[in-house]
Amino acid sequence: MDPISMGMGAPKQITGNPYKFELGGDKASPTGETKGTSFADSLTKALDEVNSLQSNADGAIEKMASGNAQDIHQVMVAFEQARLSMQMLVEVRNKIVDAYQEISRMQV
């Protein structure tokens, strides 16, 4: 039996790169001023995306545990996306901490 005949609908296609992280470059306005996304805004956006992926994975795992999800592959894909995004976030945090420590060791 396929997922469509079981009432689950067509499998979802993953489009784009869910792990893409951009720091929103400067955009010039007609007046010559530059408008860009601040680092804090970019970091907040990345945290929100990781949180969303974690929530999606939690929901998929709960459905699987309760017997409502029939497609183990989608559950595993959601879990791996959440795991990899968290791993990337931890690495970014480590780089930020390393940069801060290096700056704090600089003599003025």
> How many residues does the range 68-91 hold that are within 13 Å of Val50 (Cβ to Cβ), of a type outside the set (Gly, Ala, Ser) and touching a residue at least 60 places away in the same chain (Cβ under 8 Å)?
Replying inline: 3
>> Restricting to the range 65-108, and then to whatever is assigned to a helix (DSSP H, G or I) and of a type in the set (Gly, Ala, Ser), can you tell me which residue is nearest to the chain's Cα centre (by Cα)?
In response: Ser85
>> Against the condition loosely packed, with under 12 Cβ neighbours inside 10 Å, of a type in the set (Lys, Arg) and either over 17 Å from the mean Cα position of the chain (by Cα) or modelled with pLDDT of 90 or more (or both), how does Lys35 come out, does it pass?
In response: yes
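The values are calculated or read from the model by the stated rules, or taken from the named source; none is laboratory data. Nothing here was measured: the structure is a model prediction, and the numbers come from that model. Positions of Cβ are backbone-derived with ideal geometry, glycine not excepted, and every protein chain shown enters the neighbour counts.
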